[in-house]
Every structure is written in C-alpha cells, then in structure tokens.
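The values are calculated or read from the model by the stated rules, or taken from the named source; none is laboratory data. Everything quoted here is computed from the prediction, not taken from an experiment. Here Cβ is always computed from backbone atoms with ideal geometry, including for glycine, and neighbour counts include all displayed protein chains.
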C-alpha cells in the first residue's frame, strides 16, 4: 500500500499575541516578539503529530519549508516532501495561501494546519472546494468551527482516518473577530467562509439503543437527499448492485440490478448499457458516477462493473465519483481499505487516498482507499 499523504501547514506566528495581551497576532507579530512573546505553534503541532508516530512508516507528509512545517517533520522523523519556499525570514499570510495551493496540487487526503482564526481565513481564501482540512488550535482566537478541541484531538482524528476508521465530513464555519475593534473594547465577529472538515464518526449505536441502522431506511434517506439535489442536465451513472438498485427504486426509477444505468432529469435514459454506450453518454457531458462496494472485499471498481472502464471514469472525472454504502456495509470491511482494480495502473494510481461515501441523508463520510495489488 502506498504511503498515506497528509498535508501540514504551520503558521509559526500564530498565538504570539496571546501571552502579551494583544488579543491576537494579526499584524502585530513583531510587537508581540518585542514584548517577549515566544512562538507556540510548533509545540502545539508537535502534540498533534505525536499521536501519529506509531503510524510513521505508513505516512508521507507534504509541507512547506522551515518553521511552516519542514523543521518539525524533520525533527520528529516523519517522511516528508517539501514544496515552495518562504518569501522572507518571517512567514506571511501569502506564504500560507501559496502553501495551500501547492498542497492542493499534491492531492493530500487531509490538510492539517496550525493557527488561529486568521490562519483559517487564509486557508479558506484559496483552498479547493471540498478539500478536507483540520485545524490544530494554536492561535489566540479560535472561534472558527474548523479546529479540533485540542492538538491531541486533531492528531487522534487524523490517526483514525489513516487507520481506516469512518470519518464524517461536515462544513465548518470560518469566523473571526475584528482585532482592531477588540483592542478598542468592541467585540465584532463575522462569518467569512466554510471549509470541509472531518468530525468524529461514532457511526454505530449499541443494540440496546433505538435507531439501529437498516438498509431500507438508509436508502429512503439517500433517495430524499438525491431527489433534492438533482442537477438539471447532468447525467447520473448508477453502477450495479442491490444498494444502487434499491436507491433507484426509492426514487421511482426502474433500473437493472446487475447492469449500469444512466439517469438524467429524474428519468432513466439508458438501461443496462455497454461500456461503449456508457462512454458515448458521458463523454463531454456533465455526469456523476455512483458506485457501491462489494461487502467484505471493498472493491468499488473492477469487480462486476467492467462497463465502467478507465476511459469512462476519466470522462466523468474522479472528483465526480461517489461510493454509496450504508455504514453497516462499510463496517463489514473491519477497517480494511476500499480498493480499485480498473485494469489501468495509472488510473488506479491517480485515485485519492480517500473516497467520499454517501451514507445517509446529507451524510458524507471519508473512507481510505488502496489500489489493488
């Protein structure tokens, strides 16, 4: 299995203003240092990364040089690759934004960043839509809902993802206080953006509790979500299997149980298509690809759905592929990763380290992926 890629960005100036009563660090780092403030972001990040030390051999970090990540990763012995370079002796907001762009390009599964609300704003300004990020709290102001409750919690959540646990995705608000107003005695906060963040995935209840997941109820929920979010003129490819067949039935659609079907504007426009027919339907046309997994095995491509060929997947785009599966079905994998075996080694290598799984009404999970050996 290839190394699991995590991104890391540290704002080394985060938190400097707190101990010297400057209510933040934005624009006052030099003043804070002159007043005797000591950097704290690297130590806060170390607390998070210590939770990942047992998995060190399975990881590769992508990070920015020097105090923005490279120095700490080197000191802790993590395998890492550095991108970009600092503009000056001291990091800047533009350095953070540039690092985000480069980590996006590197295709990291999760982007860890250490800072405060100002750092979160910089991340949100340039991060690719849907890129999962997780904040390690290191700033003075931590009002944004994109941070873990502690550095150790951030590390534990990242470790859960690497080890194959279910990690739910949600949207976290980025909020920030007006520091100039705060120093003048006025509290003025505002919403700036949202980022895609993971949260703890306590996904199965104990038997003695009500609400145990059933396949039928989950499909009803998924059908309601999909019916609300159909995009006009977009083609939805339904892969084979009882999960997607059941989903289609809940939507009032007649699809083939073992075939591949295409839906547009809430209607089946092609049933049980061949690979050639499918490619002609999606080439140059907006589309989504919905597949499920083989319970216990975890294959999502290359097992019973060869109509969904490498050229079909490329025509649709990996960012428009979603796995549809109940959490009970995912649990049959016992932590083992999902797998693809498309027959095209380059395509398999192009897949991200995690796939998005639709598992309930407006419920999207991240689950690790490993290419077939």
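Test residue 284 against the stated conditions and say whether it is on the phi > 0 side of the Ramachandran plot and crowded, with 22+ Cβ neighbours inside 10 Å. For residue 284, the condition - on the phi > 0 side of the Ramachandran plot and crowded, with 22+ Cβ neighbours inside 10 Å - is not met.
Counting only residues that are at negative phi and out of contact with any strand residue (DSSP E or B) (no Cβ under 7 Å at 6 or more places or on another chain), the stretch 75-94 holds 12 of them. For the stretch 304-314, the set of residues classified as surrounded by fewer than 16 Cβ atoms within 10 Å (Cβ to Cβ) and touching a strand residue (DSSP E or B) at 6+ places or on another chain (Cβ under 9 Å) is empty.
Of the residues making up the stretch 254-267, those that are buried (at least 18 other Cβ atoms within 10 Å of the Cβ) and more than 20 Å from residue 304 (Cβ to Cβ) number 1. Summed over the stretch 73-92, residues that are more than 23 Å from the chain's Cα centre (by Cα) and modelled with pLDDT under 95 total 8. A single member of 317, 335, 295 is surrounded by fewer than 19 Cβ atoms within 10 Å (Cβ to Cβ) and either more than 19 Å from the chain's Cα centre (by Cα) or closer than 13 Å to residue 241 by Cα (or both), and it is 295. Taking residues in the stretch 38-53 that are under 19 Å from residue 91 (Cβ atoms), and partners anywhere that are modelled with pLDDT of 90 or more and surrounded by fewer than 17 Cβ atoms within 10 Å (Cβ to Cβ), the pairs with Cβ atoms closer than 8 Å and at least 6 places apart or on different chains are 42/71; 46/76; 49/76.
The residues on offer are 314, 303, 336, 322, and the sole one that is part of a strand (DSSP E or B), under 30 Å from residue 162 (Cβ atoms) and not assigned by TED's automatic domain parsing to the domain that holds residue 103 is 322.
Of the residues making up the stretch 92-103, those that are touching a helix residue (DSSP H, G or I) at 6+ places or on another chain (Cβ under 8 Å), under 20 Å from residue 60 (Cβ atoms) and without any contact (Cβ under 8 Å) to a residue 60 or more places away in the chain number 1.
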